Amino acid sequence: MSVTGLQCIEKTDKGYMVAIDAGQSMQYGGVLGCELITPLIASAAMAMLFVQSEPNYQVVAMSSAVEPLDVRCASSLTDICTAVSEVCVSMTFVVLAVAATVSSLLHLHNDGSA
């Protein structure tokens, strides 16, 4: 009979909120000791540890807002990374849309005052 690493973790039965940074910088660079693992992958792996070992958890992604993620015991590392990346992309579009609107308003204001 084999024992997995998760079978060795004692449940605390406490509530946990796992917040993953969804900034674009999390998708680049390496983690100290293993340059092949991005900070996003390392964060997703830590989230998986909580999800698979604790019954009471909430996983969220943080960018310019906090977004709940639908992460379950059956979620794979790829599932979690994809969910966080989607939050990052959607927040980037919001920031770009706001920047474009502000730029248009400034352009209109400058044209009207000239």
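Some points to look at:
- Extreme residue, nearest to the chain's Cα centre (by Cα), among residues of region 47-57 that are outside any helix (DSSP H, G or I) and either surrounded by 14 or more Cβ atoms within 10 Å (Cβ to Cβ) or among the β-branched types (Val, Ile, Thr) (or both): Tyr57
- Ser64 among the polar types (S, T, N, Q) and part of a loop (DSSP other than H, G, I, E, B): yes
- Positions within region 12-46 being under 14 Å from Val60 (Cβ atoms), over 10 Å from the mean Cα position of the chain (by Cα) and of a type outside the set (Phe, Trp, Tyr), in sequence order: Gly15, Met17, Met46
- Check on Asp13, at pLDDT 85 or above and among the charged types (D, E, K, R): no
- On the stretch given as region 70-99, residues that are more than 16 Å from Asp21 (Cβ to Cβ) and at pLDDT 55 or above total 9.
The values are calculated or read from the model by the stated rules, or taken from the named source; none is laboratory data. Computed from a prediction, not measured in an experiment: that's the story for all the values here. Please note: Cβ atoms are built from the backbone with ideal geometry, for glycine as well, and neighbour counts cover all protein chains shown.
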